[in-house]
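Working notes, beginning with the structure itself.
The values are calculated or read from the model by the stated rules, or taken from the named source; none is laboratory data. Treat the numbers as computed from the prediction; the structure is a model and nothing was measured. As a convention, Cβ positions derive from the backbone with ideal geometry for all residues, glycine included, and neighbour counts pool all protein chains shown.
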Ligand SMILES: Nc1nc2c(c(=O)[nH]1)N[C@H]1C(S)=C(S)[C@@H](COP(=O)(O)O)O[C@H]1N2
Ligand SMILES: [Mo]
């Protein structure tokens, strides 16, 4: 029999072995959080490029995958000319390609204390690639939107039940009209130059740059223009910040991504020789652009400016690096902190909220120099 104390030390060894195996460039894989619906994280620490292969893109689903694929989108509601568009028709319209990261608003939820309700994501519910599609505003103008329009609702083909309400629900979300009309809000039909894969929304999905990814509705089936606030459960119950544990006071919708960064190297709990260590990672924001990333190895007493490697694309994450000269053996904590052009900076303590959205506290990586 293994006694609990031994067990913890075994787990400790297994973790060390796993980490060293990963160091030997074993092929990365998605980490499964749930099988049905399929929720899987990206091996974000091991992918150091800007465009992720489809098979390494995180997957976040509320329901089992849809059983039928709809070959056209219907646009209706407060419009003069309701219409239906097939994939071929859409492909004939002028398109745009954007490098956009999608980050689940529940990314890093597992780090909240006290624990927050929901899928316990570590830091891999984020991925990035090139999305090609037609600006939604061009489609809305074909349909001739009524002047009274206030919101646009997007309905996906997937549906299922919820624990908190009776009935069958489609995954559906709305955008305020001005965001729907933004030239970079697109109906995407290609990812990295290939048709969207089924798991990521084939034949078309919405891509809403700078918003958390719940807005980017997959398997898009209906687009409905309305003058009323949309109150579907994925709009008015989920994807709302609830700052208090027991009441709904101060609730706020989840929209743009918080300023955030991630240390990709060194890996947590890794061992290193004294010398120079290239600390690397990524930083991103949903408002403006990343202005600076700072790294601290003395628990925040002093901060060092990291070098930013910007891509041309304005929504893409920024890669950063900082050369750390470390000669003294011992344990260290590396902190990384990003600041964006709207003046937002990562906090030491995350804004706790009941459903665990928008985690963006400064990341801490413990390592040892020996
Ligand atoms: N139709 C549909 N669209 C959806 C979802 C869903 O469950 N159904 N999940 C949303 C959420 S919460 C996220 S984080 C992203 C995940 O996109 P991905 O699976 O392509 O990574 O899709 C969004 N769009
Ligand atoms: Mo999400």
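Structure notes:
- Condition check for residue 117 on (1) in contact with a strand residue (DSSP E or B) (Cβ under 9 Å, 6 or more places away or on another chain); (2) within 16 Å of ligand 2 (Cβ to nearest atom); (3) within 22 Å of residue 252 (Cβ to Cβ): one failure, at (1).
- Restricting region 92-109 to residues that are within 15 Å of ligand 2 (Cβ to nearest atom) and part of a loop (DSSP other than H, G, I, E, B), the residue that is farthest from the chain's Cα centre (by Cα): 108
- Within region 67-80, no residue that is on the phi > 0 side of the Ramachandran plot and in a strand (DSSP E or B) sits with its Cβ atom under 9 Å from a residue that is surrounded by 19 or more Cβ atoms within 10 Å (Cβ to Cβ) and at pLDDT below 95 at 6+ positions apart or across chains.
- Pairs are defined by a Cβ separation below 9 Å, a sequence spacing of at least 6 or placement on different chains, a first member in region 91-114 that is away from ligand 1 (no atom under 16 Å from the Cβ), and a second member that is in a helix (DSSP H, G or I); the pairs so defined are 93/138; 93/139; 93/142; 94/138.
- Hits in region 102-114 - residues which are crowded, with 23+ Cβ neighbours inside 10 Å and farther than 14 Å from residue 214 by Cβ: 108
- Among the residues making up region 173-189, those that are in contact with a helix residue (DSSP H, G or I) (Cβ under 8 Å, 6 or more places away or on another chain) and under 13 Å from residue 205 (Cβ atoms) are 173, 185, 186, 187, 189.
- Among the residues examined, residue 123 qualifies as within 30 Å of residue 282 (Cβ to Cβ), at pLDDT 95 or above and either surrounded by fewer than 21 Cβ atoms within 10 Å (Cβ to Cβ) or touching a strand residue (DSSP E or B) at 6+ places or on another chain (Cβ under 8 Å) (or both).
- Scanning region 28-62 for residues that are near ligand 1 (Cβ under 10 Å from one of its atoms), surrounded by fewer than 18 Cβ atoms within 10 Å (Cβ to Cβ) and part of a loop (DSSP other than H, G, I, E, B) yields 37, 38.
- Among the criteria (1) within 16 Å of ligand 1 (Cβ to nearest atom); (2) within 17 Å of residue 363 (Cβ to Cβ), the one residue 255 does not fulfil is (2).
- Index of the failed condition, residue 132 passing every other in (1) under 23 Å from residue 65 (Cα atoms); (2) in a strand (DSSP E or B); (3) within 14 Å of ligand 1 (Cβ to nearest atom): (3)
- Evaluating residue 343 against the criteria (1) outside any strand (DSSP E or B); (2) in contact (Cβ under 8 Å) with a residue 40 or more places away in the chain; (3) touching a strand residue (DSSP E or B) at 6+ places or on another chain (Cβ under 9 Å) leaves one unmet condition, (2).
- Filter result (surrounded by 17 or more Cβ atoms within 10 Å (Cβ to Cβ) and part of a helix (DSSP H, G or I)) within region 139-186: 139, 140, 143, 177, 179, 180
- Going through (1) under 30 Å from residue 330 (Cα atoms); (2) exposed (fewer than 15 other Cβ atoms within 10 Å of the Cβ) one by one, residue 314 falls short only on (1).
- Residues of region 172-225 that are on the phi > 0 side of the Ramachandran plot and more than 9 Å from ligand 1 (Cβ to nearest atom): 192, 193, 210.
- Filtered residues of region 44-61 (kept if touching a residue at least 60 places away in the same chain (Cβ under 8 Å), more than 14 Å from the chain's Cα centre (by Cα) and within 19 Å of residue 218 (Cα to Cα)): 53, 54
- Selection status of residue 199, crowded, with 17+ Cβ neighbours inside 10 Å and either within 27 Å of residue 68 (Cα to Cα) or within 14 Å of ligand 2 (Cβ to nearest atom) (or both): no
- Single condition residue 351 does not satisfy, out of (1) more than 22 Å from residue 50 (Cα to Cα); (2) in a strand (DSSP E or B): (2)
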